[in-house]
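Down below is the structure, laid out as structure tokens.
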Amino acid sequence: MSKITTLVNFISKRSISLSVPREGKRNFRKFVIPNKRGSYIHKQRQVGPNPELEIDKRGVRDTGYKLDGRFVEVPEMIPELIVPDLKDFDLKPYVSYKSEDVIQSEFTAQQLFDAVYSKKIVTDFKQGKLDADGLPLEPSEEEKLKPEEAVARAKSTGSDIF
């Protein structure tokens, strides 16, 4: 029996290889790695005599533009980070995954009217400050607005409608 098993092990098998016949070398030409070697100053020296070469900036934007061979810096193009002061802020900077989902219905026009105007209308009615047509005798600043002015104010910068 041992002779039969050894003969089975020596039987050659034919297999198909899908690898490139270059002894394990890979084709790295499709992986472009621009300007990998050398410092930025070294590359600037190389580009100096040959303006056709460009230095890869790796996603960094210029803060100006070139005009007649010199660089003009534009202050508006310099990035500015605006970071709020959170010294006395009580909330944590993350939301836990254990927090419950908030399910809220749409905020309708009726709910908006009730939240803004209903209290004043009820107090005016109870105090008798409405005329025969139901208009207030002492209108507030919002009630004096014309529809066009209200739309313009709602669309202005700083309002809650975007």
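At a glance:
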item: The one condition in (1) touching a Leu at 6+ places or on another chain (Cβ under 7 Å); (2) surrounded by 10 or more Cβ atoms within 10 Å (Cβ to Cβ) that Asp131 fails to fulfil; result: (2)
item: Among (1) farther than 30 Å from Gln44 by Cα; (2) acidic (Asp, Glu); (3) not in a loop (DSSP other than H, G, I, E, B), the one test that Glu100 misses; result: (3)
item: Residue match in segment 138-145 (condition: over 35 Å from the mean Cα position of the chain (by Cα), of a type in the set (S, T, N, Q) and at pLDDT below 85); result: yes
item: Only one of Val47, Val60 that is modelled with pLDDT under 85 and surrounded by 10 or more Cβ atoms within 10 Å (Cβ to Cβ); result: Val47
item: Segment 103-132, residues that are among the polar types (S, T, N, Q) and either farther than 16 Å from Glu143 by Cβ or assigned to a loop (DSSP other than H, G, I, E, B) (or both); result: Gln104, Ser105, Thr108, Gln110, Gln111
item: Exclusive hit being within 30 Å of Ser39 (Cα to Cα), of a type outside the set (Asp, Glu), out of contact with any Pro (no Cβ under 7 Å at 6 or more places or on another chain) and at pLDDT 85 or above, set Phe71, Phe107, Phe113; result: Phe71
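The values are calculated or read from the model by the stated rules, or taken from the named source; none is laboratory data. Model, not experiment: these values are computed from the prediction. For neighbour counting, all protein chains shown are included, and Cβ atoms are generated from backbone atoms with ideal geometry for every residue, glycine included.
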